[in-house]
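Participant: Quick one: this structure, given as structure tokens, is what I'll be asking you about.
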Amino acid sequence: MFESLSERLGGVFDRLRGRGALSEADVRAAMREVRVALLEADVALPVVRSFIDSVTEQAVGGQVLKSVTPGQQVVKIVHDALVNMLGADASELELDVTPPAVIMMVGLQGSGKTTTTAKIAKRLTERGRKKVLMASLDVNRPAAQEQLAVLGTQIDVATLPIVQGQQPVDIARRALQAAKLQGYDVLMLDTAGRLHVDQALMEEMKAVATVAQPAETLLVVDALTGQDAVNVAQSFSEQVSLTGIVLTRMDGDARGGAALSMRAVTGKPIKFAGTGEKLDGLEPFQPSRVAGRILGMGDVVSLVERAAESIKIEDAEALARKMAKGLFDMNDLRGQLQQMQRMGGLGALASMLPGVKQVKQAMASGAADDKVLVRMDAIISSMTPKERTKPELLNAKRKIRVAKGSGTTVQDVNKLLKMHQEMANAMKKIRKMGGIKGLGALLGAKGGLGGMLGGLGGGMGGGGMPQMPSGGGGLPGLPGGGNAPFNMPPGFDKFLKK
Amino acid sequence: MNDTVPWRDRLLGGFKRTSEKLGENLTGLFTKATLDADTLDEIEEALIASDLGPSTAARVRERLEGERFERGLDVMAVREIVAQEIAKILAPVAIPLEVIAFPRPQVILVIGVNGSGKTTTIAKLAHLLTEQDYQVMLVAGDTFRAAAIGQLKVWADRVGVPIIMGKEGGDAAGLVFEGVKKGTEIGTDVLIVDTAGRLQNKAGLMDELAKIRRVLGRLNPEAPHNVVLVLDATTGQNALNQIEIFKEMAGVTGLVMTKLDGTARGGVLVAAAEKFGLPIHAIGIGETIDDLRPFDPQEVARAIAGVAPLKERTA
């Protein structure tokens, strides 16, 4: 019952793809399943209805059913419709007004407004080089204003001094005045959480909007929201003119539902997704990637980006140099493993990659967890520096010592050695294929990411990153495999099936 | 502003909106005399749309399937069946939170995802128990969120109960240990422990919760006597994931649902009751201190289904 939306849809699609011919009844039956899957994922009913209607209409059209691969066609139609529903392009904040540009945050209680306010402020300060002032208009919840002040100190963004007992509209006026006088680029107003049925508070919100004339009014919505999302979105957009949506708690396990409904109901773009409690847990919302993730096609682009963020340039360069010589020792393997951990561990990686079912299942069944990486690290730690640079030194006696030292068995040590051997071989192959320069070309072309993973021909990704001076490099720690979209490192599966 | 409106009206007012919505959904369906498969599908869908959850919706559908030939069902008859079904599911889980621990104190650990309303619920609960003449003490165990400690402190002062506080960013488990020690020393009746909000799929944070639980049990093997999961009424089917994982990791013993003064709610409680059978202790229906009320299954069920008597009373 708790299988994710993507798994549900994946099952439906697999059945569709597996068939040579499709009748209209087949398509309609599949659409029924899609409908239930969407409803279980908390996509709002009206949105589901119109989605299913439009998709069915296209999918039962004569051309689809007569085509050679009708199943594939239907999947494509659903995919396109999903992307369409989420909005095609990512949209940024529009702050090109006479400063200060006011951003007003609205939403229900507990949707995550205050944290999101701080996250956006941090982003604008660091990436947009804006001078930001934050002000909390929340006079209802105890310590709400203090919360924003504390967050302000954490991220080094100014907050409006608190004046006890002042009412929201007056605070807004004072904040605007302060922002103008002190030359701030952006003023962020964090309003109190309110229920959309609370007319008094809605009036207050309107009054604040009249005073502040916000350039952006962002509705903050919890991604865990159920069917009520529609009511919330409708009521808020009736009261103030929203310019965008921020979805919070996208790092929860309820992906999809609210995200799919929001854009359809309000007609406003989802501008950001909150992905964690830390104050840098905010990502621009990329509709096509989310659609891909929902449909189980993975999110390779996000993965590459995360890899680029978590890779240390020096490490990558060092590895690239070694690889150029065709060398790959245990230290390098360890570096790769640590890399995987820095990127969020196996689970996070698996969730972003297409078609890694066996890993996901192994993780779910508890056969594999991030401890696998820790154990492999322990094995390498138990080797002497000499053994690490020359693994062939490891004879039976040494292996026993290593196994004891790391609390594993000789079999585990052997598996690791085998994996290393295969990876080293792959490295050599890559070198013959034209070395890291060739890889760099693949990575350099942004559209060719899928090609990059496939193009590695079953080998390990090289150790570089796009910003590298040599312009070379692949995706450390991430092997690409032939036709399969993704394979774990050779021999890795043996670690999983314990 | 809320003082003039009795809580019951506020609750029913809220539920009325739900039931009107459900009513609208259903009214549209029953202009036809017979119930064909399409209509049944739509009933099922309408129930799902009210956040009732697929399995509950399926059960109601089955009932309707069985009865369709005997009599032509109008909207009210359908509502009656829906109400009966819901009440049947909810009745066994309506169990209030009682202070029975011996030796004292009874330790109540309050957990939930971020923003579900834990801190406010603790304040309301402290108020409720204080009114019942129990001595209450709070532990500000949310050392993570900025100003969470301050928020609980303000509530503690308002309610007039002592509070154990540590430093922001400090070790929650250590603080909780100290809380139990102090509570036992002064012989307080109830010790309510706040925790930082956490999403149920964050393994590290869930481990921390398990640790807090272990630490609690070190001074008093019985503690925590209650592990209360606070659910946000606006949450959809994910509430079921939350219950499942929190139950597994932290041994949830009961539920409190907050924010029932919005629009669509209650629905997922029905699904939760059916799936987990965990006691539902109370519901939160507003922002003021006395807005935490016992969970009355009949009332909630009839309000959700929009059966006539409730409509008259709320009118």
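Participant: So what are the ³J(HN,Hα) numbers for region B:168-179, from phi and the Karplus equation (6.51, -1.76, 1.60; θ = phi - 60°), rounded to whole Hz, Gly and Pro as x?
Facilitator: 5, x, x, 7, 5, 4, x, 5, 5, 4, 4, x
Participant: For A:T159, which sequence-distant residues (separation of 5 or more, or a different chain) have an amide H within less than 5 Å of its own amide H, given hydrogens modelled in the peptide plane?
Facilitator: Under 5 Å from the amide H of A:T159 lie the amide H atoms of A:M134, each far enough along the sequence or on another chain.
Participant: Ranked by Cβ crowding within 10 angstrom, fewest neighbours first, how are B:M257, A:M31, A:M205, A:M188 ordered?
Facilitator: Details: B:M257 28, A:M31 20, A:M205 23, A:M188 31.
Arranged by neighbour count, lowest to highest, B:M257, A:M31, A:M205, A:M188 become A:M31, A:M205, B:M257, A:M188.
Participant: How large is the charge dipole for region A:101-293, taken about the Cα centre, if only the Cβ atoms of Lys, Arg (+1) and Asp, Glu (-1) carry charge, to the nearest 20 debye?
Facilitator: On the way: 22 positive and 19 negative charges, 127 e Å.
It comes to approximately 600 debye.
Participant: Which whole-Hz couplings ³J(HN,Hα) result when phi for each residue of region A:44-52 is put into the Karplus expression 6.51 cos²θ - 1.76 cosθ + 1.60, θ = phi - 60°, listed in order with x for Gly and Pro?
Facilitator: Working through the residues one at a time gives 5, 3, x, 5, 4, 4, 5, 4, 4 Hz.
Participant: Then there is this: Determine the sum of side-chain charges near B:V252: Lys and Arg each +1, Asp and Glu each -1, restricted to other residues whose C-beta is under 12 angstrom from that of B:V252.
Facilitator: Working: positive: B:R213, B:K247; negative: B:E244, B:E248.
So the environment of B:V252 carries a net charge of 0.
Participant: With each label point set 7 Å from Cα along the Cα-Cβ vector, what nm distance links A:N331 and B:I81?
Facilitator: 7.4
Participant: With a ≥ b ≥ c the root eigenvalues of the C-alpha gyration tensor of region A:5-86, is it rounded (a/c under 1.5), prolate (a/b larger than b/c) or oblate? Before the final figure, lay out the partial values.
Facilitator: On the way: a/c = 1.89, a/b = 1.52, b/c = 1.24.
Prolate shape, in that a/c is at least 1.5 and a/b is the bigger ratio.
Participant: Counting other C-beta atoms within 10 Å, which of A:F272, A:F13, B:F102 has the fewest, and how do the rest follow? Provide the component values of the computation, followed by the final result.
Facilitator: Numbers: A:F272 25, A:F13 22, B:F102 6.
Fewest-to-most ranking of A:F272, A:F13, B:F102: B:F102, A:F13, A:F272.
Participant: Which whole-Hz couplings ³J(HN,Hα) result when phi for each residue of region A:209-222 is put into the Karplus expression 6.51 cos²θ - 1.76 cosθ + 1.60, θ = phi - 60°, listed in order with x for Gly and Pro?
Facilitator: Listing the rounded values in order: 4, 5, 5, 8, 6, x, 6, 10, 10, 9, 8, 9, 10, 6 Hz.
Participant: Another question, if that's okay. Amide H neighbours of A:D222 under 5 Å, counting only residues 5+ apart in sequence or on other chains, H built in-plane at 1.01 Å?
Facilitator: Close amide H contacts, sequence-distant or interchain: A:T248.
Where a number appears in this text, it was derived from the coordinates with a stated rule and is not lab data. This structure is a prediction, so every number in the text was calculated from the model and none was measured. Virtual Cβ from ideal backbone geometry, glycine too; neighbours counted across all protein chains shown.
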